[in-house]
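Since the structure comes first, as structure tokens, the remarks are kept for the end.
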Amino acid sequence: MSWKKTSIKIIMANKDYPNGIKFFTYNNIIEAPTREQIKMFAEGLQLLSNGDAYLGSEVIKHDELSAD
């Protein structure tokens, strides 16, 4: 198997979202982001939001499997 891409799902809370929570998925992230990189990314998103609170994240690594 070889690395194809990495995605990250960011979970934000805001009273304006249905049920108060919203998931945002970002694709084409580096292969193995560090905790510090994820934290800085989430902080940037909070600065650009209208009062969102960061609840957590999920890193999803997509691998490619050859038919060989």
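The values are calculated or read from the model by the stated rules, or taken from the named source; none is laboratory data. These figures come from a predicted structure and were not determined experimentally. Please note: Cβ atoms are built from the backbone with ideal geometry, for glycine as well, and neighbour counts cover all protein chains shown. Note: accessible area is taken over every heavy atom of the protein model, side chains too, but ligands, DNA and RNA are not part of it. Shrake-Rupley method; radii C 1.70, N 1.55, O 1.52, S 1.80 Å.
One table, with the values for the structure above:
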{"item": "Cross-link reach list, lysines versus LYS61, counting only Cα pairs under 30 Å and skipping chain neighbours closer than eight places", "result": "LYS4, LYS5, LYS9, LYS22, LYS39"}
{"item": "The chain - percent of accessible surface contributed by carbon and sulfur, probe 1.4 Å", "result": "54 percent"}
{"item": "Positive dipole terminus of the chain, leading residue within THR34, SER57, LEU47 (C-beta point charges)", "result": "LEU47"}
{"item": "³J(HN,Hα), Karplus 6.51/-1.76/1.60, whole Hz, each residue of segment 46-53, x for Gly, Pro", "result": "5, 4, 8, 8, 10, x, 5, 10"}
{"item": "Of the trypsin sites (Lys or Arg not before Pro) in segment 1-61, those whose Cβ has at most 16 other Cβ within 10 Å and which sit in DSSP loop", "result": "LYS15"}
